[in-house]
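Some notes on the structure that comes next.
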Amino acid sequence: MVKKTQPIDSIGFNIKNNNVQIYVNTHDAANSTRYYRWSYDETWRFHSRYQSAYMVDQVLKAVVFRPVSESSYYCFAGSKSSTIVIGSSAKLSQDVIYQQPVTTIASTSEKIETRYSILLKQYALTKEAYQFWENMKKNTEQLGSIFDAQPSQLTGNIHNLKDLAEPVIGYISVTNIQSKRVFIDNADLPRDWAPTYPYDCGPLDTALFFNPKTKQNDVLGIIINGNSIPVLDITEKMNVIGYTYSSIECTDCRIRGRVQTPSFWIER
């Protein structure tokens, strides 16, 4: 059966248990959908723990100002949904889905460090397709104790033409896809929330003077091939006695994301 998917009414979020809980609202005025599934793509902007204004030029054997082409402070990262998100209005008099939970983001997550975006996709399901996804969710996400749902055999609408007795897991549905994108800014969240950086970069008060690998308060001159190297600065002459530094993990966001701004990204 071909099912027609209705548009997404809205996407919002609540602050619950010190987390951001994203939800979706939708409805079908004809009361003919009843069964829904959602998937999503996440994108977020984050930055490295420290900002690097200089870099070593291996050709000139000198420390130079970091050009725009070597920017390493702000980056973008993303992920796709890995859980099964389904909802039904079959037990309601009206075909309305209100604040259906989609995903939860911890208050310490880098996803909401500066700006976050979610592209939500909505699919209409038949009753049989919904039951398949419901069983799949129970078998893959809700097992672990005697109080959880017990494993059950998944019966889909796919079979082996050459061996009808062979179990085949899968379900084919036919529908159009409705999608909607929203952004969440860090300014819209509690002010006391702070992201947890994934690497040890030292206490805040030591800043770049702290070497996270040696755990020492090091401020040393950068050495290349055993020789001290100068700073090339065409704007002013400086009497440089050394450089503050940190690890790549703490200064280069490109090891976990990309600098290029996505085409859909909109700044507030």
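The values are calculated or read from the model by the stated rules, or taken from the named source; none is laboratory data. A quick note: this is a predicted structure, and the numbers were derived from the prediction, not measured. With ideal geometry, Cβ positions are generated from the backbone for all residues, glycine too; neighbour counts draw on all protein chains shown. Side chains included, ligands, DNA and RNA excluded: accessible areas come from the protein's heavy atoms. Shrake-Rupley method; radii C 1.70, N 1.55, O 1.52, S 1.80 Å.
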At q = 0.12 Å⁻¹, work out log10 I(q)/I(0) for segment 20-160 with the Debye formula, treating every Cα as an identical point scatterer and leaving solvent out; two decimals please.
-0.69
Where labels lie 7 Å past Cα in the beta-carbon direction, separation of Thr261 and Ile158 in nm
4.1
Taking a threshold of 25 Å on the Cα-Cα distance, which of the pairs Lys138/Lys162; Lys3/Lys111; Lys138/Lys180; Lys3/Lys180; Lys111/Lys138; Lys91/Lys111 fall above it?
Lys138/Lys162; Lys3/Lys111; Lys138/Lys180; Lys111/Lys138; Lys91/Lys111
Of the candidates Ser71, Thr5, Thr33, the farthest towards the positive dipole end of segment 1-76 (Lys/Arg Cβ +1, Asp/Glu Cβ -1, centred on the Cα centre) is Thr33
Overall form of segment 1-92 per C-alpha gyration tensor (a/c, 1.5; a/b vs b/c)
prolate
Could you work out how much longer the chain between Arg268 and Val96 gets when fully extended? Use 0.36 nm per residue separation minus the Cα distance between them, nm to one decimal.
58.8 nm
Please give the FRET efficiency for Asp185 paired with Asp57, using the beta carbon to beta carbon distance and R0 = 41 Å, rounded to the nearest 0.05.
0.65
Glu141 paired with Ile248, simple spin-label distance in nm, labels 7 Å along Cα-to-beta-carbon:
3.6
Calculate how large, on average over all directions, the projected area of the Cα convex hull of segment 66-145 is; give the answer in nm² to one decimal.
9.1
Where does each of 99-105, 164-170 land if you order them by average Cβ count within 10 Å, highest first?
99-105, 164-170
What is the gain in length, in nm to one decimal, between Thr196 and Ser71 on full extension, counting 0.36 nm per residue of separation less the C-alpha to C-alpha distance?
42.8 nm
Cα-centred dipole magnitude for segment 62-183, charges only on beta-carbon of K, R (+1) and D, E (-1), debye, nearest 20:
380
Could you put Asp188, Asp95, Asp57 in order of accessible surface area, largest first, with the 1.4 Å probe and the full protein assembly present?
Asp188, Asp57, Asp95
